[in-house]
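For reference, the structure is listed below as structure tokens.
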Amino acid sequence: MMLNSATPAFLDDLASQLPEGSLRPAEPRYLEEPRGRWQGLAGAVALPRSTQDVAVILRACAAARVGVVPWGGGTGLVGGQLQPEGPAPLVLSLERMAAVRGIYPDENVLVVEAGMVLADVQGHAASVGRLFPLSLAAEGTCRIGGNLATNAGGLNVLRYGNARDLCLGIEAVLPDGSVFNGLKRLRKDNTGYDLRHLLIGAEGTLGVITAASLRLYPQPGVIGTALMAVESPDAALRLLSLAQLRLSGMVSAFELIGRMGLEFLAEKMPEVKCPIAPSDWMVLIEIGLPEGFGAAEDHLAGLFEAGLEAGLVSDGVIAASEAQRFGLWRIREAIPEANRMIGAVSSHDISVPLSLVPEFIAKAGPRLAQIDAFRINCFGHLGDGNLHYNVFPMAGRSRKDHEHQRDAVKECVHDLVDELGGSVSAEHGLGRLKVDDLERYGDPGKLAAMRAIKAALDPSGIMNPGAVLRGEA
């Protein structure tokens with residue numbers, strides 16, 4: 001079914017059903033994405049103040065067959081937050097819906113509206129002595145509704161899980177304007193299909209999440225952070241296993257860093273210093289312990305000594321202050337910034353089974369070398385098998401020199417991921433960038449079920465048209 005543009009007549013009629021100031025022209029920030037690959041379209045931006053406003057908007061768009069593009073913080077990297085072609089849609093931003101609906105410290109639950117910035121969610125949890133562990137580089141800008149819509153991962157998945165693992169219930173507006181009142185605070189609720197998990201990760205293609213009940217945790221009594229040089233990705237994996245044996249349930253993050261990332265930092269951000277001699281591979285480890293379990297530094301020192309004895313590590317440093325801890329994390333967080341300054345030929349957010357991470361790294365480089373000479377910056381969340389495997393031009397060349405090879409590079413990496421039983425989208429979602437990849441690598445049964453669900457809930461195809469599943473935009 002063809003969609004229609006959000007015409008002035010449609011917008012005038014919609015404005016008459018909403019509080020004054022709910023619609024406005026689309027500013028550039030609503031039509032851009034961080035990598036600059038696409039420019040979005042929009043008839044206008046809708047800024048609802050309530051779930052009822054969202055219901056009115058979706059009901060009107062369904063009746064007029066006008067597309068709706070949900071917009072969170074605009075930080076997505078796969079084009080899910082904008083529509084680059086087709087009839088001009090209505091962009092829907094929940095930035096005015098950012099209230100706390102309830103906080104229950106004894107239950108470890110925080111209920112917030114979907115437009116709340118992730119850093120503010122973390123702050124509200126901290127105000128009652130609790131931790132909301134979802135942590136991303138964009139946490140000062142991204143919004144919890146977008147985090148849930150993309151099932152965001154981040155730094156602490158190893159210990160606490162993805163966004164869906166941190167959500168007990170949601171409120172959402174479905175494509176016909178009906179409201180799903182699933183904002184429960186229950187750990188157990190076996191009353192039929194779990195629509196919460198259907199809408200989480202759907203990237204706004206099945207409805208709009210308007211509020212969520214979020215799971216909180218006690219704050220660790222002490223935190224320890226260390227950077228260790230390892231002999232290889234296999235050694236890093238064995239060190240992770242050793243850490244989990246020694247500190248079961250207390251390893252919050254285990255990040256793999258390759259030498260190329262440090263070389264990029266030295267070239268583009270020399271102010272970010274590595275406190276130990278660079279090696280081919282390093283791991284950044286963070287642990288969180290309850291009070292009474294001793295000093296975190298002592299546990300990390302014990303891990304280092306055990307790793308040294310096993311031939312897994314060769315050097316390391318343990319943060320002795322919050323400033324030193326910040327400095328170690330700054331290395332990891334600055335690598336994507338340096339990547340952007342260099343300019344990637346192709347970037348890949350992939351995951352493979354943990355035990356196959358070393359095999360993937362060993363095979364991917366030689367396969368890419370058959371296409372051309374490249375620099376590879378491999379880093380990421382080793383604890384959950386999620387690598388950011390990014391391919392760059394050699395020094396003295398630019399990504400424009402490889403524009404004709406971009407598709408071949410991506411296919412080379414993704415084919416190997418698929419061979420190893422991995423995923424070509426680990427934590428960034430599919431958006432519009434990876435629609436072809438889903439069709440190429442997705443299970444046919446799963447794809448058929450996804451299309452059937454989309455057709456049942458959104459028969460007019462108004463929700464984020466062109467994202468996740470191919471359709472008319």
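Here, each number is a calculation from the coordinates, and none is a lab measurement. Worth saying up front: this structure is predicted, and the values here are computed from it rather than measured. Cβ atoms come from the backbone with ideal geometry, glycine included; neighbour counts cover every protein chain shown.
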Quick check on the chain: helices-only [θ] at 222 nm, where DSSP H runs of length 4 and up contribute -39,500 (n - 2.57) each and the sum goes over total residues. Nearest 500, please.
-10000 deg cm²/dmol
Among 105, 48, 84, flag the residue with its Cα farthest along the positive direction of the charge dipole of the chain, charges on Cβ as +1 for Lys/Arg and -1 for Asp/Glu.
48
Gain upon complete extension [residue 100, residue 470; 0.36 nm per residue less C-alpha separation]:
129.6 nm
Which is farthest toward the positive dipole end of the chain among 250, 69, 119, measuring Cα position about the Cα centre, with Cβ charges +1 (Lys, Arg) and -1 (Asp, Glu)?
69
Rounded to the nearest 20 debye, what is the charge dipole size of region 180-272 about its Cα centre when +1 sits on each Lys and Arg Cβ and -1 on each Asp and Glu Cβ?
640
List the relative contact order of region 118-160 as a percent without decimals, with contacts defined as Cα pairs under 8 Å and 6+ residues apart.
43
HN-Hα J couplings of region 371-378 from phi, Karplus 6.51/-1.76/1.60, θ = phi - 60°, integer Hz, Gly and Pro as x?
8, 5, 7, 9, 9, 10, 10, 10
So, over other residues within a Cβ distance under 12 Å of residue 30, counting Lys, Arg +1 and Asp, Glu -1, the net charge is -2
Do you know the relative contact order of the chain, to the nearest whole percent, from alpha carbon pairs under 8 angstrom that are 6+ apart?
17
In whole Å and largest first, what semi-axes does the C-alpha gyration tensor of the chain yield when each eigenvalue is scaled by 5 and square-rooted?
39, 28, 19
With unit charges on the beta carbon (Lys/Arg positive, Asp/Glu negative), name the residue among 371, 394, 382 whose Cα is farthest towards the positive pole of the charge dipole of region 360-416.
394
Do any GluC sites (Glu not before Pro) in region 183-292 lie in a DSSP loop with no more than 14 other beta carbon atoms within 10 Å, and if so, which?
271, 291
Would you list, by chain and number, the lysines whose Cα falls below 29 Å from the Cα of residue 188, excluding same-chain residues fewer than 8 positions away?
446, 454
Given +1 on the Cβ of Lys and Arg, -1 on the Cβ of Asp and Glu, and no further charges, what dipole in debye does the chain carry about its Cα centre, rounded to the nearest 20?
620
Env charge @ residue 313, Cβ radius under 11 Å, K,R +1 / D,E -1, value -3
Please compute the length gained on full extension between residue 268 and residue 219, using 0.36 nm multiplied by the number of residues separating them and subtracting their Cα-Cα distance.
14.1 nm
Give me the percent relative contact order of region 66-127, please, defined on Cα pairs under 8 angstrom at least 6 residues apart.
27
Candidate aspartates and glutamates for bridging to residue 184, where Cα separation is under 17 Å - those fewer than 8 sequence places away on the same chain excluded:
106, 107, 113, 165, 171, 194
Between residue 373 and residue 4, with labels modelled 7 Å along Cα→Cβ, what's the label distance in nm to one decimal, could you check?
5.9
In this structure, the FRET efficiency calculated for residue 259 and residue 419 from their beta-carbon separation, with R0 = 45 Å, to the nearest 0.05, is 0.95
For region 1-111, diffusion coefficient by Stokes-Einstein and Kirkwood Rh (Cα), 10 °C, 1.306 mPa s, µm²/s:
106
